[in-house]
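Presented below is the structure to which this report refers.
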Amino acid sequence: MSLLPFFSFPLIITALGEIPFSFILSRVLIIEPFIFFLGILNPVFEPVRGWLSLSSILLKTTLTVSSALLLVSTTGIHRIGYALRLLFVPKLFVFQLLLIYKYMMVLISDVGKTILACKLRSLDIKGIPVSTWGPLLGNLILRTYKRAERIYYAMILKGFEGEYHTGTNLKFSYLDLIYVLFWSCFFISFRFFNISSILGRFVIGVFS
Amino acid sequence: MSHHIIELKDVSFCYPDGFFAIRNISFTILHGETVGVIGANGSGKSTLLRLISGIYPPTSGEILIGNIKMTNKNVNQLRKRLGFIFQNPEDQLFMTTVFDDVAFGPRNFGLSEIEVEKKVDEALEKVGILHLKDRFSHRLSDGEKHLAAIASVLSMDPEMLLMDEPTSQLDPKARRRIIELLKQFPHSKIITSHDLEMILEICSRVIILKDGKILVDSFSLDILKDEKLMESALLEVPISLKSK
């Protein structure tokens, strides 16, 4: 129960950022089954506490995934990249992250085209035969490698020498300070005090 | 203005697998000249452009950009003078928005954000897609992607342009737009293409490559109407010249 008050963070940020709840929810739900299967054995091994740990894992994942989604939705991937550089994350990792973000769509469409081409030539067979997966994936890797090479050439021809310039020059404002302080206090107090229980006792006290 | 010269002296290039894609090629491209490089698939056109841009180092021979010999040490400096437009614009548009893609080069040159924005606006204005400035690159049409890729190179103020099949995969209207645009550029240009009508319209000089060697290097009209020569290079005389 002490985890539930933490949900006020994603709820408040979603509302303030004017992001549709369904957008965040639909993406969180994609992840949930994986997490569910990750913790499914907990109740088997520990019949009493297992259910508690499973629900705790599910709640924590929902909080983490929704917060990460909110960060990308409200900040934008380039600003995140810039912030990571300010936090001294090596430029190679930051650039890799940004390129993955950008080329995910291109790669997904490539995979889609390859699978379609494969299906069109195996109309009587359901799905893709296991024997085809090897060459199909190999081909995709080779194509990805070639594409990565071409992109790298394009980058060095545009003067890229390892440093990633986003053009962003953000300054830390008072508003940012208030934001950080507020949410830090919020998380620390919710972590060390059982706010729901305190609130519950307070409400009961008022009404009695 | 003699510094806008590209010169190749006995250049050869061998891929790591032992395949010689370019064999003893020599030519000079003068300031403001537009040269079309044509040839069958695998004749070495794209490899030639990669050699000139310094992506591949020649196995033997010399490449001079503006009378300066290209070496490992000065290749980055010389590249700044060349603008390379790739065949597939998706390889060249690797940022999220059109603005960021066009700004990538100027930012790498260390320009201030105000100057970068000015360069981006100028480049987008030149190719006529200023209205696409804030659009996501991957959502553009193929024609728009080509124009954005050209703008991303123009924003770096190159002295010479290298273009690998600039009109492939384009619909007639987008193709016409690119042709008209290329005609306006005062830069020295090397264009590789199978679109011989476009080569005829833009280039005053044509080089035919065959098996990595120069088969002929002369005025475009003289070459393109020569049926025998074109057939020997596994090419065809453009339709507009056939009917004459």
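Data overview
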read-out	value
Any hit, segment B:41-48, residues being in a loop (DSSP other than H, G, I, E, B), within 14 Å of another protein chain (Cβ to nearest Cβ) and of a type outside the set (A, V, I, L, M, F, W, C)	no
Whichever residue in segment B:67-81 is in contact with a helix residue (DSSP H, G or I) (Cβ under 8 Å, 6 or more places away or on another chain) and modelled with pLDDT of 90 or more and, among such residues, is surrounded by the most Cβ atoms within 10 Å (Cβ to Cβ)	B:Met70
Flag for A:Glu32 being over 18 Å from the mean Cα position of the chain (by Cα), among the acidic types (Asp, Glu) and on the phi < 0 side of the Ramachandran plot	no
Test: A:Arg143 is within 14 Å of chain B (Cβ to nearest Cβ) and over 30 Å from A:Pro20 (Cβ atoms)	yes
Qualifying residue in segment A:59-75 (condition: within 30 Å of A:Tyr152 (Cβ to Cβ), in contact (Cβ under 8 Å) with a residue 60 or more places away in the chain, exposed (fewer than 15 other Cβ atoms within 10 Å of the Cβ) and within 14 Å of chain B (Cβ to nearest Cβ))	no
Neighbours by Cβ (under 9 Å, 6+ apart or cross-chain): first from segment A:46-57, in contact (Cβ under 8 Å) with a residue 40 or more places away in the chain; second surrounded by 13 or more Cβ atoms within 10 Å (Cβ to Cβ)	A:Ser56/A:Leu3; A:Ser56/A:Gly39
Residue in segment B:78-97 that is farther than 27 Å from B:Glu180 by Cα, in contact with a Lys or Arg (Cβ under 6 Å, 6 or more places away or on another chain), in contact (Cβ under 8 Å) with a residue 60 or more places away in the chain and not β-branched (Val, Ile, Thr) present	no
Test: residue in segment B:219-231 that is closer than 25 Å to B:Asn88 by Cα and surrounded by fewer than 17 Cβ atoms within 10 Å (Cβ to Cβ)	no
Flag for B:Gly36 being crowded, with 17+ Cβ neighbours inside 10 Å, touching a Cys at 6+ places or on another chain (Cβ under 9 Å), more than 10 Å from chain A (Cβ to nearest Cβ) and touching a residue at least 12 places away in the same chain (Cβ under 8 Å)	yes
Failed condition for B:Val116, given (1) touching a Pro at 6+ places or on another chain (Cβ under 7 Å); (2) under 26 Å from B:Glu180 (Cβ atoms)	(2)
Residue in segment B:61-72 that is within 27 Å of B:Phe20 (Cβ to Cβ), touching a Pro at 6+ places or on another chain (Cβ under 8 Å) and not in a loop (DSSP other than H, G, I, E, B) present	no
Any hit, segment B:52-59, residues being under 17 Å from the mean Cα position of the chain (by Cα), assigned to a helix (DSSP H, G or I) and more than 10 Å from chain A (Cβ to nearest Cβ)	yes
Every pair of residues 6+ apart whose Cβ atoms lie under 9 Å, when the first sits in segment B:99-111 and is within 12 Å of B:Lys80 (Cβ to Cβ) while the second is modelled with pLDDT under 85 and of a type in the set (Asp, Glu)	B:Asn108/A:Glu161; B:Asn108/A:Glu163
Subset of segment A:175-208 (residues that are among the hydrophobic types (A, V, I, L, M, F, W, C) and outside any helix (DSSP H, G or I))	A:Phe193
Residue within segment B:126-138 that is closer than 15 Å to A:Gly159 by Cα and either in contact with an Asp or Glu (Cβ under 6 Å, 6 or more places away or on another chain) or at pLDDT 90 or above (or both) present	no
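Yes/no per residue for (1) more than 28 Å from B:Leu161 (Cα to Cα); (2) modelled with pLDDT under 85; (3) more than 14 Å from chain B (Cβ to nearest Cβ):
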residue: A:Gln96; (1), (2), (3): yes, yes, no
residue: A:Leu107; (1), (2), (3): yes, yes, no
residue: A:Ile115; (1), (2), (3): yes, yes, yes
residue: A:Lys119; (1), (2), (3): yes, yes, yes
residue: A:Ser122; (1), (2), (3): yes, yes, yes
residue: A:Ala154; (1), (2), (3): no, no, no
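Okay, residues lined up against (1) part of a helix (DSSP H, G or I); (2) surrounded by fewer than 16 Cβ atoms within 10 Å (Cβ to Cβ); (3) in contact (Cβ under 8 Å) with a residue 60 or more places away in the chain:
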| site | (1), (2), (3) |
| --- | --- |
| A:Val94 | yes, no, yes |
| A:Lys113 | yes, yes, no |
| A:Leu116 | yes, yes, no |
| A:Asp124 | no, yes, no |
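The values are calculated or read from the model by the stated rules, or taken from the named source; none is laboratory data. Everything quoted here is computed from the prediction, not taken from an experiment. Here Cβ is always computed from backbone atoms with ideal geometry, including for glycine, and neighbour counts include all displayed protein chains.
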